[in-house]
Amino acid sequence: MKFVVGIIVISILLIGFWIGIAAANDSDLEHRVRTLEQQVKTKDNDFRVYFKNGLRFDTRDKKFKYQIGGRIQTDFAFYNADSTFKANFNEPGNGAEFRRARFFISGLLYNRIVFKAEYDFADQTSFKNVYLGFIQLPVVGNFNVGHFKEPFSLEELTSSKYLTFMERSVANAFAPGRNVGVAIFDAVTQDRITWAVGVFRPTGSAPPRIQSDDGYNVTFRVTGAPWYREKGAQLLHLGFGYSFSTPDGPTFDFDTEPESNLTATKFVDTGAFSAEKANRFGFEAAAVLHAFSVQGEYFLVTVDRPSGLASVDFNGGYMEVSYFLTGEHRKYKKGKFGRVTPRKNFLEGSGLGAWQVAARFSSIDLNDGAITGGEENNIALALNWYLNAHTRLMFNYVRADIDGAPGVDFGNLNTYQFRFQVDF
Amino acid sequence: MKSFPCILILSALGIFSGVQSVNADPVSLEDRVKALEEKLEKNPRDFRVYWKNGLNLDSRDKQFKYRIGGRMQYDWAFLSADSRLESLFGPQNNGAEARRARLFISGLLYNRVMFKAQYDFASGSPAFKDVFLGVLRVPVLGNLLIGHFQEPFSLEELTSNKYITFMERSLLFETFNPDRNLGIAFYDRELNDRLFWAVGVFRDTRETPPVTQGGDYALTGRVAGLLWVAEKGRKLLHLGLSYSHRKPRNDSIQFRTRPEVHLTDSRFVDTGVLFSGDVDQVNGEAAVVYGPLSLQGEYSRAFVTVPAAPDADLDGFYAQVSWFLTGEHRPYKGGSFARVLPKKNFLEGNGVGAWQIAVRYSQVDLNDSAAGVRGGFQEDVTFGLNWYLNPHVRAMFNYVNADPQAAGELNAFQFRFQVDF
């Protein structure tokens, strides 16, 4: 009897067990989940397309990345000159232009090679950053070859998207800018120290080309942030740049616009003068104290001239202060300044965007010995309105005090200029 | 019977352990569904990439949008001129060209700021077309545009060349319309998209790249609206009025036009450079859509201040009729005409695409003897046959008879093949 009961008990248990398995398997839930799993299966080389400071494509395995974008800067300028100025130059007509109208594609290949192809249509299709690079190399860090900025001067290396003023200072005449070259660079100690060194040829940009046995630049820069707190809301930046250059041909030329691009005239200009080599020294300092920032640079250029001619020295610099009325701070990254992000975008709720006021004094002296390129001292005032992280409206007032040879007054030019900027 | 509950308990125990044995797989169904949900959960800044009148990218939260695209128009023209015209304006030869070859990237940032960067490579160096930024929904003022774009003036100017009925706009367009310039404008739509207005300040910037220096300004405005609309736009009446006050650059202005044929560089009517003060221009527009039938016309007049003479008074008009043989209608959007959608695309089943025939008469009078302006008088008659293979591709044929007064005659047969993407 017990035996029979045992058999029955075991049979019932077994039958129930099989019904349970069948119930679990039969449910088409399993089937539906499997179908879904197959549908959403992504491959390593599938791109994720997303917005982060622009339109980005990253493969799932992060080995390949693309970014497509550009910038548009529309400028309007109004000029007013005094009589001394008018006696020496034509007063510029009020103007409007695209200061920059750029388009680029950049990316990363095999998590090792970076590339960027950026062109500006506002200047008859000129080359901007057009280079390829190797990243994460042993010892040297990163290596770039192509057309890019020589590592010299904080304001030169800060993108035009992020400059506090519409134009860089008059002293920017001494920065070599973009040329064709090779460079190695890196940021170390948690990006607090940066260094870069490169060899360039003075090719210009439209399109870059040089055909000459002469014309080499060796340029070097090192920066540090000895004091850095609150994720960059407070910091001190110091930097030093040096460039040794031989001219393309027998002459050098230093000139600058009066911190307004629409004048189309350079009021201080050495003209081409015979030269053999030049040493450029640049000293940088900047501080950010929350909404307040101060920044300054000093440049000294010594030019050796052919035998029989005394060498000449030129110098210049600027000092600027800026303040965010809405409490933001300037973003600092790897030895230069970056994108300002408003606390609240314009018209998002009660948002006003970010508002910034700034003042700058700048000076350049292109007179020395036989060279009388002139001297210019500028005062610029700025009001910037960042509607959001990608759009801003700028107003600048610039008073340019222009002198010719020492003691010769060429008068003053007042500029009132506006910029509307979007980058995408 | 006492054993019955025991059997129930036993079988339940069996079923439970059976289910457990299946679900005791390394990854349970629950976990797999959770993994799927995680995978499908989208970052709000991830883009959905899709096709809608072109390549579109919209972030999931709709705060950011991008579009990348362009257009190509290839033209062939066969010209035949009489000896009088050729003796006056030189030989008129057959030709072929890329009429337009454009690329653009446009978009929306933070659902507030829009941008477009569009360049035309048909002339060699990249020519600026729509290159602007805009701020949407500004309180009180409406929408703001800054950069290089069309001044709000005239219906055929504001209708994209992708959608115009004839290969070239009428004689009025090149003669009187300001087209694109650097400026700042406000615009908006009112009354449930029935009324459209725009007003802007511009500077004449015809150069590539656009730049100007000097004291030249223009104030241009347009108001247009639908007086009557029925059947979701299949029937409508549109009226509009534009006005522009201009201070020409260097006090010089010129009115002239090609003969609705782009593959000639001759202008049979041309005032030459007029030294003038202010210029006032008005333009009236009217259009009707009645199913496949459409009528459209505009009248334009320019009052030019000429020193030491009465003001010069120049004008012109055009009137056109078009008919879709295949029953479509001209779509209307935002105060101008838009993309034609064939009822059935070519070769989709027995589809033939959309076929449209059209005729236009246009004239300009650039003579004002009292003011000493002798630019000439010209009449054009154009017949058009358009074949829309689908909403993005069309082939066009135009016959143009250009008749400048007392200057001979030009007959042109021209073809266009167009795609936009």
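Here are the numbers:
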read-out: Tally, over the stretch B:343-395, of residues that are among the acidic types (Asp, Glu) and closer than 30 Å to B:Pro307 by Cα; value: 3
read-out: Only one of B:Val49, B:Val33 that is outside any strand (DSSP E or B) and out of contact with any Pro (no Cβ under 8 Å at 6 or more places or on another chain); value: B:Val33
read-out: Filter pass, B:Phe383 being in contact with an Asp or Glu (Cβ under 8 Å, 6 or more places away or on another chain), outside any helix (DSSP H, G or I) and either of a type in the set (Val, Ile, Thr) or open to solvent by 60 Å² or more (accessible area, probe 1.4 Å) (or both); value: no
read-out: Failed condition for B:Asn192, given (1) open to solvent by 50 Å² or more (accessible area, probe 1.4 Å); (2) modelled with pLDDT of 95 or more; value: (2)
read-out: Residue that is farthest from the other protein chains (Cβ to nearest Cβ) [pool: residues in the stretch A:60-70 that are of a type outside the set (Gly, Ala, Ser) and surrounded by 14 or more Cβ atoms within 10 Å (Cβ to Cβ)]; value: A:Lys63
read-out: Given (1) surrounded by fewer than 16 Cβ atoms within 10 Å (Cβ to Cβ); (2) modelled with pLDDT of 95 or more; (3) at the interface with chain A (Cβ under 8 Å from one of its Cβ atoms), number of the condition B:Lys52 does not satisfy; value: (3)
read-out: Residues (among the small types (Gly, Ala, Ser), surrounded by fewer than 15 Cβ atoms within 10 Å (Cβ to Cβ) and over 16 Å from A:His147 (Cβ atoms)) located in the stretch A:178-224; value: A:Ser212
read-out: All positions within the stretch B:353-372 that are modelled with pLDDT under 95 and of a type outside the set (D, E, K, R); value: B:Ser369, B:Ala370, B:Ala371, B:Gly372
read-out: Residue within the stretch A:314-329 that is acidic (Asp, Glu), assigned to a loop (DSSP other than H, G, I, E, B) and at pLDDT 95 or above present; value: yes
read-out: The stretch A:80-98, subset within 9 Å of chain B (Cβ to nearest Cβ) and open to solvent by 10 Å² or more (accessible area, probe 1.4 Å), residue farthest from B:Val211 (Cα to Cα); value: A:Pro92
read-out: Residues of the stretch B:55-73 classified as more than 7 Å from chain A (Cβ to nearest Cβ) and more than 15 Å from B:Lys116 (Cβ to Cβ), total; value: 7
read-out: Members of the stretch B:171-216 that are among the basic types (Lys, Arg) and within 20 Å of the chain's Cα centre (by Cα); value: B:Arg180, B:Arg189, B:Arg194, B:Arg206
read-out: B:Leu144 under 27 Å from B:Phe421 (Cβ atoms), at pLDDT 95 or above and out of contact with any helix residue (DSSP H, G or I) (no Cβ under 7 Å at 6 or more places or on another chain); value: no
read-out: Members of the stretch A:99-131 found to be open to solvent by less than 60 Å² (accessible area, probe 1.4 Å), in a helix (DSSP H, G or I) and in contact (Cβ under 8 Å) with a residue 24 or more places away in the chain, listed by number; value: A:Ala122
read-out: Scope the stretch B:259-290; condition out of contact with any strand residue (DSSP E or B) (no Cβ under 7 Å at 6 or more places or on another chain) and open to solvent by less than 40 Å² (accessible area, probe 1.4 Å); matching residues; value: B:Ser266, B:Gly277
read-out: Subset of the stretch A:22-59 that is open to solvent by less than 30 Å² (accessible area, probe 1.4 Å) and at the interface with chain B (Cβ under 7 Å from one of its Cβ atoms) - its residue that is modelled with the lowest pLDDT; value: A:Ala24
read-out: Inter-residue pairs, beta-carbon under 7 Å, first under 26 Å from A:Trp195 (Cα atoms) and in the stretch A:231-257, second assigned to a helix (DSSP H, G or I), 6+ apart; value: A:Gly239/A:Leu154
read-out: Of all residues making up the stretch B:114-157, the number that are touching a Gly at 6+ places or on another chain (Cβ under 7 Å) and within 21 Å of B:Tyr243 (Cβ to Cβ); value: 6
read-out: Identity of the residue in the stretch A:146-161, more than 16 Å from A:Glu297 (Cβ to Cβ) and within 8 Å of the chain's Cα centre (by Cα), that ends up least open to solvent (accessible area, probe 1.4 Å); value: A:Ser160
read-out: Residues (in contact (Cβ under 8 Å) with a residue 40 or more places away in the chain and either open to solvent by 40 Å² or more (accessible area, probe 1.4 Å) or away from chain A (no Cβ under 14 Å) (or both)) located in the stretch B:95-109; value: B:Gly95, B:Ala96, B:Glu97, B:Arg99, B:Arg100
read-out: Complete set of residues in the stretch A:363-381 that are in contact with an Asp or Glu (Cβ under 9 Å, 6 or more places away or on another chain), assigned to a strand (DSSP E or B) and open to solvent by 10 Å² or more (accessible area, probe 1.4 Å); value: A:Ser363, A:Asp365, A:Asn367, A:Asp368, A:Glu375, A:Asn377, A:Ile379
read-out: Verdict on B:Thr212 being within 14 Å of chain A (Cβ to nearest Cβ), outside any strand (DSSP E or B) and among the hydroxyl-bearing types (Ser, Thr, Tyr); value: no
read-out: Residue match in the stretch B:161-179 (condition: modelled with pLDDT under 95 and open to solvent by less than 10 Å² (accessible area, probe 1.4 Å)); value: yes
read-out: Check on B:Glu156, charged (D, E, K, R) and either within 14 Å of another protein chain (Cβ to nearest Cβ) or part of a helix (DSSP H, G or I) (or both); value: yes
read-out: Residues (among the small types (Gly, Ala, Ser), farther than 26 Å from A:Glu284 by Cα and open to solvent by less than 80 Å² (accessible area, probe 1.4 Å)) located in the stretch A:330-350; value: A:Gly349
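The values are calculated or read from the model by the stated rules, or taken from the named source; none is laboratory data. Everything quoted here is computed from the prediction, not taken from an experiment. All Cβ positions, glycine included, derive from the backbone under ideal geometry; neighbour counts span all protein chains shown. Heads up: the accessible areas ignore ligands, DNA and RNA and are worked out on the full protein's heavy atoms, side chains in. Shrake-Rupley method; radii C 1.70, N 1.55, O 1.52, S 1.80 Å.
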